[in-house]
Amino acid sequence: MRTEAVPGALLEISGLKTHFFTEDGVVKAVDGVDLTVYQNRTICILGESGCGKSIMARSILRIVDAPGRITDGRILYRAADGREIDLATARQGSAQLRQIRGQDIAMIFQEPMTSLGPIQKIGKQIVETILLHRKVSKAEAKEEAIEMLDRVGIPDPRQRFEAYPFELSGGMRQRAMIAMALSCQPRLLIADEPTTALDVTTQAQILDLIAELKEEFAMAVMLITHDLGVVAEVAEDVAVMYMGRVVEEGDVYAIFENPQHPYTRALMASVPRIGVTKSGRLPAIKGMVPHPLARPSGCPFRTRCDSAMPGVCDTSVPDLVPAGDSRTACFLFSDATGNG
Amino acid sequence: MVPTLLLVSITTFVIIQLPPGDYLDSLAAEMGESGVDNTAVLESLRRQYGLGEPFYVQYFKWMRGILLEGDFGLSFEKNRPVTDLIWDRLGWTFGISIMTLLFIWLTALPIGIYSAVRKYSVGDYVATFFGFIGLAIPNFLLALVMMYVAFKFFGQSVGGLVSPEYLGEPWTWAKFVDLLKHIWMPIVVVGTSGAAALIRIMRANLLDELYRPYVVTARAKGMTEFQLLLRYPVRVALNPFISTIGWILPTLVSGEIIVAVVMNLPTTGPLLLRALLVQDMFLAGSLILIVSMLTVVGTLISDVLLALVDPRIRYQ
Amino acid sequence: MSQAVLSHQEDVDDFDDTVKVLGPWALVWRKFKRHRLAMWSGVVVALIYLVAILGEFLAPVQIHDTSVRNTFQPPQAIHFFVTREDGSREFLLHAKGMKMELDRVALRRTFTVDESKIIPLGFWVRGYEYKFLGLLPSKVHLFGPTNPRDTVYLLGADRLGRDVLSRIILGTRVSMSIGLVGVAVSLVIGVLLGGASGYYGGWIDGLIQRFIEFIRSVPTIPLWMGLAAAIPLDWPPLRTYFVVTIIVSMIGWTTLAREVRGKFLSLRNEDFIIAARLDGLTNWEIIVKHMVPSFSSHIIASLTLAVPLMILAETSLSFLGIGLQPPIVSWGTLLKEAQNIRSIIEAPWLLIAPGTMIVIAVLTLNFLGDGVRDAADPHAH
């Protein structure tokens, strides 16, 4: 048994690579992610669309659709009984993996419109989850489902139990999704851009709800988002991703007050701040995210980086090293000798 | 529904009126040849059914007979009321059609699901290949081929629904077994093209659903692949599948009629063909009318069924 | 200066190499070419139509020539070598003659191969006179016995001793053209009604849609049987042919009309149509110049898929004896010869030969149509 897991760590991802083998070539959606999720803490995964954050999250539950698959790395999950399970190598379809899905680690998705079965009643879908993982009778499961619906703030839960997804608004559907995800009291909730498809007021309500439930159920939350405002509001830890790698991780104050990686710095600078009057345009990150099939050699960010050092950044990929108050993968803070 | 049925009855009547002359003309010619003078009988028949009167008068007389007295008219050739001749045969036609529908479902559903889930596997290619063959062989040709094969290689007597020795016998267990030995062939023949079509439809529907977010949700809940497959995507893909009954029933009835002619089944097919060829207008008209109407009703039932299983349609 | 011009020139070349602007048809064609099965099916379909066009040139025997001695004669095999009297073998394309014996007790005829009778075969042989492509009188046939007085039955003979092969070749013309003409008729009806339905909407749409639903909900075979049976037997063949074609085309147009309507409905609110309307184009101009080109590839795909349906319909009707009538030779009327089990058992080639042609034609037309549809659909992956 490995003993390197950090105390308090619930999930420890190291060197995770999830690649998509398409007809046009291999898309390295996740290419060497190192990340730790701690118990009872909220970690936000921040990054532009297409940076691999969703795929990384889906890799944890092993629900990446073909032609994608995990090619390397470990996802060490520490179960409640102290066992450590490597999810990256768990057999697809095994009872062990299915036990963890839904019961230990639950997930909610971006599109509440399409993430619920379209022609099954909401209540039935929740009851189904409860019955899958817990030894309760159907009637008990129904009562619990109604209680959950009530808990996530759905009015008239007893009636909504009988409702179909298309009868609910987007916000209500996302609440129902949350109720379903939390129905087995998971230890980790992965929320993949849960508010992107919702309008602004609903977004705030859903985020508040997740934060509230996190305290109540004493669970860890992994929130995936591209919205810096969301991060500032709910995060305790932050990991910034760029082209399939974590480029900087640390607690929320370190990332916001003292960002180290040029990408993080550029991100922070691109946000308008109330009270700060600046003339001219907001600074934007130059260039565009490279095509996934045309990854730059070395540090993937070097093509857009103002501090890129020719001969250094294009030869090898930087590792995460401590810098400032966080850990950063950038040659400004480490020697180019570490990684090939 | 009612306008459709009305339209069906008018269309049918127009069609059976199309041939120039009528059966009584040929009957009169025949009688004239044999030297029998039956002008009075012919005249009374003409009056009763309004032959020679304007089209709409004939139509109303015919419809009034059907609606008020259940009288579909007279089969001139057999000189018996149409109602005496048709019900048995209609029963067999629809019996075979419905059994064929069941056969199609029982084969198309699992094969379609398999083809979609194991896309581009050997099994999928085999199913696709047979699907195309099934679509390309016309019913009657398949019937001929199967009859030939059954006779040549298995020495089985073909044609009819029971062996000759059971014809006209009361129903016994042995006769029933004999019926089963015969009836599978028309069912398979009529059902092949429909099954082929439905396999393709099911496969396409399911492929549409298989990669939807809700499938991922179900997987993330910890369901087994088989559980989630049947409970979510298959369940959703089933709805357009059910609505296909609407169009498949007419084609089954059509197919049954043709196959019945080839296989000499005691169903509507041979009777209708004969009636059309000798211009036995009320018999032909009644058959077309009833077959069409029952099909329309069947389609309606499939619509109702669809609304029952799909809450989204109910909601609209 | 010259350097700058040069580099500019390079840029242009570069652009030409990488970004070729392909027209919509070129794109469809490029996608279609990748569909191997559809490509090959297209070749087969083209060959079948070629057979239909050449007709008599390919048919070795007059199709209406009867011969009592050859009734139900089985197919004759083609041999390549003959053995001379001195024992040497020599290349000669030929068929062996067949001897018919009548079993008077069983009232059956049996044919045995007559090894001594050799019928030499060859290409570009003289035979019966016909008009090439209906225009040029000619006696030359692609293939047949070199002696015009010999006859050979490569696919056997029917109940009147007529050559099945020749009849299938000429039946191809009738069956395949019914597919084309029928599709043309349903194209006109379908596009007119579907277009009107989709373009005007409102009660016109409602009326046409109800009508289409009506036609689709009624079992077609009994209705066609009724219609087809109404064709008087004494009509000239050509008129029967056209009426049957029209009856057959009654099935195809509803699908087409629905498709056209759907396209019209979705296009009606597209920006480029609204722009055209604001530019002051008339309805007709908008339809012809903008709407039809944008869905013509779909129409071609549905038409291709409708052809086999028409062929099957014609075949079924003629088989039942209420479609095309005997002087006309089509695959359906040929199959009518194989209507009962007894003649199939005595002469299986009457079933197998035309049946195979129908299956090949329908199958390749379906593959071709599928390929065209996939190629025409810009959303398909």
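The values are calculated or read from the model by the stated rules, or taken from the named source; none is laboratory data. Just so you know, these numbers come straight off a predicted model, no measurement behind them. Here Cβ is always computed from backbone atoms with ideal geometry, including for glycine, and neighbour counts include all displayed protein chains. Heads up: the accessible areas ignore ligands, DNA and RNA and are worked out on the full protein's heavy atoms, side chains in. Shrake-Rupley method; radii C 1.70, N 1.55, O 1.52, S 1.80 Å.
Peptide B:144-150 has a mean of 4 when you count, residue by residue, the C-beta atoms of other protein chains within 10 Å of its C-beta. Take the Cβ-Cβ distance between C:ARG30 and B:SER121 as r, set R0 to 35 Å, and report the resulting FRET efficiency rounded to the nearest 0.05. Efficiency for this residue pair is about 0.75. Projecting the Cα atoms of B:PHE282, B:VAL188, B:LEU272 onto the charge dipole of segment B:163-316 (Cβ charges, centred on the Cα centre) puts B:VAL188 farthest toward the positive pole.
Computed over protein heavy atoms with a 1.4 Å probe, the accessible surface of segment A:120-258 works out to 38 Å² per residue.
Please give the per residue accessible area of segment C:168-376, computed with a probe of 1.4 Å over protein heavy atoms only, in Å². Present the calculation step by step, with values, prior to reporting the outcome.
Values: 8040 Å² over 209 residues.
Per-residue accessible area for segment C:168-376 comes out at 38 Å².
Please work out whether segment C:76-174 counts as rounded, prolate or oblate from its C-alpha gyration tensor, where a ≥ b ≥ c are the square roots of the eigenvalues and a/c under 1.5 means rounded, while otherwise a/b larger than b/c means prolate and anything else oblate? Taking the square roots of the gyration eigenvalues as a ≥ b ≥ c, segment C:76-174 is oblate.
Taking the Cα centre of segment A:9-246 as origin and assigning +1 to Lys and Arg Cβ atoms and -1 to Asp and Glu Cβ atoms, the resulting dipole is close to 840 debye. If R0 is 60 Å, the Cβ-Cβ spacing of C:PHE132 and B:LEU300 corresponds to a FRET efficiency of close to 0.60. Pull up the DSSP beta bridges for segment A:9-246 and report the antiparallel fraction as a percent, rounded to 5. Antiparallel bridges make up about 55 percent of those DSSP assigns within segment A:9-246. Taking amide hydrogens as placed 1.01 Å from N in the peptide plane, the amide H of A:TYR38 sits under 5 Å from those of A:LEU10, each at least 5 positions away in sequence or on another chain.
When the Gaussian network model of chain A links Cα atoms closer than 10 Å, the mean-square fluctuations of A:ALA145, A:ALA218, A:ALA329 top out at A:ALA218.
Counting only Cβ charges, +1 for Lys and Arg and -1 for Asp and Glu, the dipole size of the protein assembly as shown around its Cα centre is about 1400 debye. Straight-line reach from A:LYS121: taking Cα to Cα under 18 Å and skipping same-chain neighbours fewer than 8 places apart, the lysines in range are A:LYS138, A:LYS142, B:LYS221. Here's the list of lysines a cross-link from C:LYS289 could span, going by alpha-carbon distance under 23 Å and ignoring same-chain residues fewer than 8 apart: C:LYS263.
Gain on full extension, evaluated as 0.36 nm per residue between C:ARG84 and C:ASN269 minus their Cα-Cα distance, stands at 58.6 nm. Peptide C:338-348 has a mean of 4 when you count, residue by residue, the C-beta atoms of other protein chains within 10 Å of its C-beta. Dipole size of segment C:168-376 about its Cα centre, with +1 on Lys/Arg Cβ and -1 on Asp/Glu Cβ: approximately 180 debye, rounded to the nearest 20.
Using DSSP to call loops (not H, G, I, E or B), can you name the GluC sites (Glu not before Pro) in segment A:1-106 whose Cβ has at most 13 other Cβ atoms within 10 angstrom?
Working: sites: A:GLU4, A:GLU12, A:GLU23, A:GLU48, A:GLU84; in loops: A:GLU4, A:GLU23, A:GLU48.
Here the sparse-neighbourhood loop sites are A:GLU4, A:GLU23.
Ligands, DNA and RNA are left out, and with a 1.4 angstrom probe the accessible area of segment B:69-193 is 51 Å² per residue. Projecting the Cα atoms of A:THR201, B:MET202, A:GLN159 onto the charge dipole of the protein assembly as shown (Cβ charges, centred on the Cα centre) puts B:MET202 farthest toward the positive pole.
Distance in nm between label sites at A:SER307 and C:GLU213, each 7 Å beyond Cα in the beta-carbon direction? So the two model labels end up 6.9 nm from each other. Overall form of segment B:76-202: prolate. Here a/c, set by the Cα gyration tensor axes a ≥ b ≥ c, is 1.5 or more, and a/b is the larger of a/b and b/c.
For the chain pair C and B, the interface hides roughly 3400 square angstrom of accessible area in total, found with a 1.4 Å probe.
Here the relative contact order of segment A:92-224, from alpha carbon pairs under 8 Å that lie six or more residues apart, stands at 34 percent. Only protein heavy atoms count here; on that basis, with a 1.4 Å probe, A:THR303 has an accessible area of about 70 Å².
Chymotrypsin sites (Phe, Trp or Tyr not before Pro) within segment B:59-168: which are DSSP loop residues with at most 10 other Cβ atoms inside 10 Å? Intermediate values should be presented prior to the final figure.
Working: sites: B:TYR59, B:PHE60, B:TRP62, B:PHE72, B:PHE76, B:TRP87, B:TRP92, B:PHE94, B:PHE103, B:TRP105, B:TYR114, B:TYR120, B:TYR125, B:PHE129, B:PHE130, B:PHE132, B:PHE140, B:TYR148, B:PHE151, B:PHE153, B:PHE154, B:TYR166; in loops: B:PHE72, B:PHE76, B:TYR120.
Those that pass, being in a loop and sparsely packed, are B:TYR120.
First compute the accessible area of chain B with a 1.4 Å probe, then give the percent of it belonging to carbon and sulfur atoms. Whole-percent figure for carbon plus sulfur exposure: 67.
Among A:THR114, A:THR328, A:THR89, the largest mean-square fluctuation in a Gaussian network model of chain A, built with springs joining Cα atoms closer than 10 Å, belongs to A:THR114. For the protein assembly as shown, the residue among A:ILE122, B:THR224, A:GLY8 whose Cα projects farthest onto the positive side of the dipole built from Cβ charges is B:THR224. The trypsin sites (Lys or Arg not before Pro) found in segment A:94-177 that occupy coil by DSSP, while having at most 10 further C-beta atoms within 10 Å, are A:LYS135. Between A:ALA95 and C:ASP279, the modelled label-to-label distance comes to 6.9 nm, taking each label 7 Å out from Cα in the direction of the beta carbon. Based on C-alpha pairs under 8 angstrom that are at least 6 apart in sequence, segment C:46-94 has a relative contact order of 22 percent. Springs join every pair of Cα atoms under 10 Å in this Gaussian network model of chain C, and among C:VAL181, C:VAL45, C:VAL82 the largest mean-square fluctuation is at C:VAL82.
In chain C, the portion of solvent-accessible area held by carbon and sulfur atoms comes to 64 percent [1.4 Å probe, whole percent, DNA, RNA and ligands not counted]. Taking the chain by itself as reference, segment B:275-301 contains these residues with an accessible-area loss of 30 Å² or more in the full protein complex (1.4 Å probe, heavy atoms): B:LEU276, B:LEU277, B:ILE288, B:SER292.
Once the Cβ-Cβ distance between B:TYR56 and A:ASP72 is put in as r, and R0 is 60 Å, what FRET efficiency do you end up with, to the nearest 0.05? The formula returns an efficiency of 0.15 here.
Please give the average number of partner chain Cβ atoms lying within 10 Å of the Cβ of each residue in B:126-133, rounded to a whole number. Intermediate values should be presented prior to the final figure.
On the way: counts 0, 0, 0, 0, 0, 0, 7, 3.
For peptide B:126-133, the averaged partner shielding equals 1.
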